[in-house]
Amino acid sequence: MHSSPPFAPRALRSRRAPRAPRARLRHTVAVATLLLVGCGTPPVRDGLPSSIPADIDRVADAVPRVETLRSGGPNKPYEALGRRYVPATSDIAWREIGLASWYGSKFHGRATASGEIYDMFAMTAAHPTLPIPSFARVRNRANGREVIVRVNDRGPFVAGRAIDLSYAAARRLGLLAGVATVEILRLTNDMIRSGTWAGTHATPAPVAPVPEGIAGPDPLGALLVERGLAPDSPSPRAPP
């Protein structure tokens, strides 16, 4: 075994001294290169899951319950894509007709606006201004199918979109191939306490083999779904 000298000879020290700045420069260039590569990487595409639970078509609707609403947190005013939104903070009655889209694998396992983890196989949804949490009945006007979802996230932020559904909810409604016109009815606390919300919910029809888009059956969309080709994200999500 050789012991290390207590200090390096002067000549060796003089040769090594200029190398430290170059080493730091190489490190800086490497980090900058990684940052540039990262910035140039295209965004991850959203879409279908890599694997689908065998019981996906038996996933139960969300069960409405009275939950506390607060003015802060996910219900405070916010901005997304240059537009300002002011969510409701009280138990409002709400009925809306608009376009529904869905979001999937890109956001699965990430935190929602409520702080809960997004589960694309649960009956949940995102809405830009409904109080969080909320429960809503969503009905596809093209085929009459309905689901009860729990609103726990923000979005969509594409003009003309009213609600973003989980994969499970979109599958139930038959709109995996694209967007569809839906009717959204928020279930108020009075409706939940009295049980009258149940009268507004019809038994959903079986899932059709061909998902429908806004204008009815979409053969191309159905083919993409059947072959597992993920569509682009239907709408961007709220910034964290």
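Taken together, the values in this text are just the output of simple stated rules run on the coordinates, not laboratory data. Since the structure is predicted, the reported quantities are computational estimates derived from the model, not experimental observations. Backbone-built Cβ (ideal geometry, glycine too); neighbour counts: all protein chains shown.
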Given a Förster distance of 25 angstrom, what is the FRET efficiency for E96 paired with V158, based on the Cβ-Cβ distance and rounded to 0.05?
0.95
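For the stretch 130-181, go through all pairs of different Cα atoms, get the mean of 1/r, take its inverse, and jot down that Kirkwood value in Å.
Working: mean 1/r = 0.0867 Å⁻¹.
Evaluated over the stretch 130-181, this radius sits at 11.5 Å.
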Could you check the simple spin-label distance between T68 and A111, using points 7 Å along Cα→Cβ, in nm with one decimal?
1.9 nm
Difference of contour (0.36 nm per residue) and Cα-Cα distance, D55 to E79:
4.9 nm
